[in-house]
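Asker: Sharing a structure below in structure tokens format, with a few things to ask.
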Amino acid sequence: SGHSGSGKTEAAKAIVRYLSMLYQRSDSHRIRQPCNVLPILESFGNARTILNDNSSRFGKLLNVHLRHGVMVGTSISQYLLEKSRVVFQAHGERNYHVFYELLARLPVEQKEEMYLQEAESYFYLNQGRACDIPGKDDSQDFLVLVQALEGMSLSDDQLTSTWAVLAAILQLGSICFTSYEKESYEHAAIASDTEIQIVANLLRVSADFLQSAVTHRVTVTSYDRIFTPLSVEGAINARGLLLPLSVLLLFEWLLLRINEWLAPWESDCTMGIVDIHGFEDLGLNSLEQLCVNFANERLQHFFSQTVIAQEEANGTHASSQEQLAWIPISKMYSESCLDVIAAKPHGILCILDDQTSLTQATDHTFLQKCHYHHGNSPWYTRPKLPLPVFTVKHYAGPVTYQVHKFLNKNRDQLRPEVLDIFSQSRLKVVSHIFQEAKAAYSQQRELRARGKGLKPQASTLVSKFQQSLQDLVAKLRRSHAFFIRCITPNTKKLSNIFDVEYVTSQLRYSGILQAICIRKEGYPVRLPFQNFLARHGLLAGRRHSCLEEREGCMAVLSHVVGNPSDLYQIGVTKVFLKEKARQHLERRWNQRQSWAVVTLQRKFRCLLCHRRLCVLQEKVTIIQAHFQGDQARKHYMRLKKTLVKFNTIILISRSLIQRRKHCQVTTLFSGPGDAGLLEIPAELAALLHLAEGEKFSLLP
């Protein structure tokens with residue numbers, strides 16, 4: 001469920017694909033997949049609205065049938081197809097996709113045979129001034145539609161008949177009426193016989209009978225039929241009833257063929273997917289939107305009841321099994337809005353049915369009745385000006401409805417003369433669908449005639465829809481329901497835009513926040529002792545290690561939450577926590593975890609620093625060893641070089657020393673002399689100075 005355009009249909013298709021893949025067996029290729037026929041439903045049942053370019057204009061219940069856990073087939077039911085869209089679309093909206101797809105890709109020869117033109121030339125297709133949708137290829141989608149129809153074994157004649165019905169609807173919508181006066185009464189006549197002849201040729205029916213059905217009203221008596229001429233407005237209304245009926249019968253016939261094609265041979269379990277209209281406020285809201293929003297109200301009420309019932313059932317079961325003191329959950333949902341819409345005898349829909357059965361009633365009298373019975377209700381608002389509108393305050397916000405044609409739409413009557421004409425069509429598809437409708441109509445009249453002598457009330461659109469909705473809700477009550485909430489991120493139909501306020505309002509209106517409150521009233525967190533201690537046992541330190549599981553849980557909760565406290569209860573095997581208690585535990589657990597993380601990080605950093613220091617010390621030692629070795633080698637080389645030079649000096653000076661000694665000996669024997677003043681050669685003096693300098697440098 002969710003607002004219109006929130007992705008309900010896409011989510012449903014994803015679920016169907018998932019179930020189709022999940023519940024398969026070796027010969028699953030023999031199972032006909034529902035995804036193959038969904039394009040048919042989209043083309044014939046989806047249209048563009050101001051809220052959604054691919055809005056589903058009908059609700060559906062898709063049942064996936066299982067046998068021993070294996071998918072064996074599918075069936076589909078539809079609810080409240082929006083028939084009025086065939087004859088009216090608001091600004092910015094389109095008719096059903098199939099009309100545009102047909103005109104975009106139907107072969108030229110067939111288009112000429114059916115007298116078809118471009119979509120812009122048909123009044124029933126161009127009212128919204130939006131014949132094209134950005135990003136949608138109608139031509140390609142028509143090929144997908146034809147492939148899906150052929151895939152479920154529709155013959156060429158059946159396809160041609162289907163296109164002929166759609167073409168006849170467009171041609172009939174192009175007929176213009178004129179008026180003439182006869183016996184002081186306005187009579188309607190068709191301006192040109194060409195269009196009515198084209199429609200008759202397409203549907204293979206009598207043109208005269210068809211013209212009479214559009215311009216006259218037939219009253220059946222015990223003896224004869226009375227033909228009453230219609231005014232131009234009456235003729236337009238008669239045509240407006242005929243065309244939606246044709247679309248509905250064609251849609252139901254296709255749905256019947258789909259169900260025959262997907263039918264399971266046997267099943268023991270069914271998984272149903274309810275994809276119903278989303279909540280709508282289109283600006284121009286009519287009876288269809290009231291029914292759609294009423295259905296959403298009922299489903300919202302069912303959601304709240306289910307959540308409360310499940311919580312109470314779980315709580316009651318837990319209290320009996322775990323010996324707890326259980327507090328019943330207070331009812332948090334008011335049915336006032338539903339009472340205003342559908343409560344007997346003065347609900348809006350009941351008033352509408354009553355007014356529909358009266359020949360003199362009008363939309364205005366219906367509105368005055370609603371104002372009289374609900375004018376003081378907080379869920380109902382009268383207009384400040386005398387306008388034909390009323391406002392209902394729904395769970396998702398107030399919606400204003402215009403009562404124009406409420407009674408006409410609600411009558412939903414099958415005209416016997418129309419059924420007779422089309423049941424005699426030479427097109428098998430047309431004759432078949434109208435013969436089925438005629439048989440159902442006759443059976444319904446017969447059942448009413450067997451009533452207790454009372455005049456039965458005519459079957460109306462609202463009564464049929466209420467009955468279908470009651471059946472759906474009853475089926476949901478017999479099932480185990482799961483709820484999928486679809487949220488629209490923004491109202492602009494654009495990607496990558498998240499409107500926080502709009503999303504928050506949807507969460508509030510959809511009951512998600514209410515469901516959270518309901519859960520919070522009970523004990524939504526239920527953990528076995530072992531699981532509880534495994535996660536939160538350390539919060540009590542080492543005190544719980546020597547205790548039994550139950551006492552350990554008590555120690556943890558007393559230490560963190562407090563004792564006594566209404567935020568938790570301890571059963572026989574489980575701990576029951578309220579959300580606040582869980583938050584306390586999680587907050588303390590996060591603090592303990594943060595402390596542990598910080599401690600581990602500190603220890604780890606110390607370890608890393610110690611390892612880096614050891615590595616650095618090793619590297620420093622290696623560097624020092626290499627450096628000292630290099631210095632020792634350099635010192636050795638200098639010493640060696642000096643010794644070589646010194647040795648050279650010694651060798652050079654040896655002859656000089658010998659000469660001195662010789663001179664000294666000579667002087668000694670020859671007499672006194674000045675031997676110390678002998679001149680030393682320059683080269684020898686330089687070597688002596690160098691040797692003396694290096695000698696001093698080598699001294700410590």
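Asker: For HIS404, are the conditions met, namely being modelled with pLDDT of 90 or more, closer than 24 Å to HIS346 by Cα and in a helix (DSSP H, G or I)?
Answerer: no
Asker: While we're on this one: Is at least one residue of the stretch 10-30 in contact with a Gly (Cβ under 8 Å, 6 or more places away or on another chain) and modelled with pLDDT under 90? Step through it out loud before you land on a result.
Answerer: Applying the first criterion (in contact with a Gly (Cβ under 8 Å, 6 or more places away or on another chain)) to the stretch 10-30 yields 23.
Still in the running and modelled with pLDDT under 90: 23.
Yes, there is a match, as at least one residue in the stretch 10-30 is in contact with a Gly (Cβ under 8 Å, 6 or more places away or on another chain) and modelled with pLDDT under 90.
Asker: Okay, next question. How about the stretch 248-296: which of its residues are among the charged types (D, E, K, R) and either assigned to a helix (DSSP H, G or I) or without any contact (Cβ under 8 Å) to a residue 60 or more places away in the chain (or both)?
Answerer: Within the stretch 248-296, the first condition is being among the charged types (D, E, K, R), and the residues that meet it are 252, 257, 260, 266, 268, 275, 280-281, 288.
Result: GLU252, ARG257, GLU260, GLU288.
Asker: Which count do you get for residues in the stretch 469-505 that are in a helix (DSSP H, G or I) and within 20 Å of PRO398 (Cβ to Cβ)?
Answerer: Let us first name the residues in the stretch 469-505 that are in a helix (DSSP H, G or I), namely 469-477, 500-505.
Those left that are additionally within 20 Å of PRO398 (Cβ to Cβ): 501-505.
Residues flagged as in a helix (DSSP H, G or I) and within 20 Å of PRO398 (Cβ to Cβ) within the stretch 469-505 amount to 5.
Asker: Among the residues of the stretch 185-212, count how many are of a type in the set (Ser, Thr, Tyr) and either modelled with pLDDT of 95 or more or farther than 17 Å from ILE421 by Cβ (or both).
Answerer: Narrowing the stretch 185-212 to residues of a type in the set (Ser, Thr, Tyr): 185, 192, 194, 206, 212.
Going one step further and asking which of them are either modelled with pLDDT of 95 or more or farther than 17 Å from ILE421 by Cβ (or both), we end up with 185, 192, 194.
Result for the stretch 185-212: 3.
Asker: Take the residues in the stretch 104-123 that are closer than 19 Å to ALA200 by Cα and polar (S, T, N, Q); name whichever of them is nearest to the chain's Cα centre (by Cα).
Answerer: Taking the stretch 104-123 and keeping what is closer than 19 Å to ALA200 by Cα, we get 110-117, 122.
Checking the rest, the ones that are also polar (S, T, N, Q) come to 110, 117.
Values: GLN110: 39, GLN117: 37 Å.
The residue in question is GLN117.
Asker: Working only within the stretch 213-254, note down all residues that are over 17 Å from PHE422 (Cβ atoms), within 44 Å of the chain's Cα centre (by Cα) and not hydrophobic (A, V, I, L, M, F, W, C).
Answerer: Matches in the stretch 213-254: GLU233, GLY234, ASN237.
Asker: Collect the residues in the stretch 59-98 that are at pLDDT below 90, crowded, with 21+ Cβ neighbours inside 10 Å and among the basic types (Lys, Arg), keeping them in residue-number order.
Answerer: Listed by number, the list holds a single entry, LYS83.
Asker: Out of LEU102, LEU81, report the one residue that is closer than 20 Å to SER468 by Cβ and aliphatic (A, V, I, L, M). It would help to see each step written out before you state the result.
Answerer: Values: LEU102 fails: closer than 20 Å to SER468 by Cβ.
Sole residue among the options that is closer than 20 Å to SER468 by Cβ and aliphatic (A, V, I, L, M): LEU81.
Asker: Residues that are surrounded by fewer than 16 Cβ atoms within 10 Å (Cβ to Cβ), in contact with a Gly (Cβ under 8 Å, 6 or more places away or on another chain) and of a type in the set (A, V, I, L, M, F, W, C), at least 1 per element: which strands (runs of 3 or more DSSP E) completely within the stretch 172-243 meet that?
Answerer: On the way: elements: 177-182, 185-190, 216-220, 225-229.
Output list is empty.
Asker: Specify which of the listed residues (GLN444, GLN514, GLN506, GLN466) is surrounded by fewer than 18 Cβ atoms within 10 Å (Cβ to Cβ) and of a type in the set (S, T, N, Q). Steps first, answer last, please.
Answerer: Details: GLN514 fails: surrounded by fewer than 18 Cβ atoms within 10 Å (Cβ to Cβ); GLN506 fails: surrounded by fewer than 18 Cβ atoms within 10 Å (Cβ to Cβ); GLN466 fails: surrounded by fewer than 18 Cβ atoms within 10 Å (Cβ to Cβ).
Answer to the selection: GLN444.
Asker: If a residue has to be of a type in the set (S, T, N, Q), over 29 Å from THR162 (Cβ atoms) and surrounded by 17 or more Cβ atoms within 10 Å (Cβ to Cβ) to count, how many in the stretch 255-288 make the cut? Spell out the reasoning first.
Answerer: As a first pass, look at the stretch 255-288 and keep what is of a type in the set (S, T, N, Q): 259, 267, 270, 285-286.
Still in the list and also over 29 Å from THR162 (Cβ atoms): 267, 270, 285.
Cutting the leftovers down to surrounded by 17 or more Cβ atoms within 10 Å (Cβ to Cβ) gives us 267, 285.
Looking only at that region, the number is 2.
Asker: Scan SER558, SER594, SER565 and give me the residue that is farther than 22 Å from ARG519 by Cβ, surrounded by 11 or more Cβ atoms within 10 Å (Cβ to Cβ) and among the hydroxyl-bearing types (Ser, Thr, Tyr).
Answerer: Numbers: SER594 fails: surrounded by 11 or more Cβ atoms within 10 Å (Cβ to Cβ); SER565 fails: farther than 22 Å from ARG519 by Cβ.
Answer to the selection: SER558.
Asker: Tally time: how many residues in the stretch 370-412 are among the basic types (Lys, Arg), within 21 Å of ASN293 (Cα to Cα) and over 32 Å from the mean Cα position of the chain (by Cα)?
Answerer: Step one: list which residues in the stretch 370-412 are among the basic types (Lys, Arg), which gives 382, 384, 393, 405, 409, 411.
Now restrict to residues that are within 21 Å of ASN293 (Cα to Cα): 382, 393, 405, 409, 411.
The next check asks that each one be over 32 Å from the mean Cα position of the chain (by Cα); those that pass are 382, 405, 411.
Selection size over the stretch 370-412: 3.
The values are calculated or read from the model by the stated rules, or taken from the named source; none is laboratory data. Note that the structure is a prediction, hence the values are computed from the model and not measured. Cβ sites come from the backbone with ideal geometry, for glycine too, and all protein chains shown count toward neighbours.
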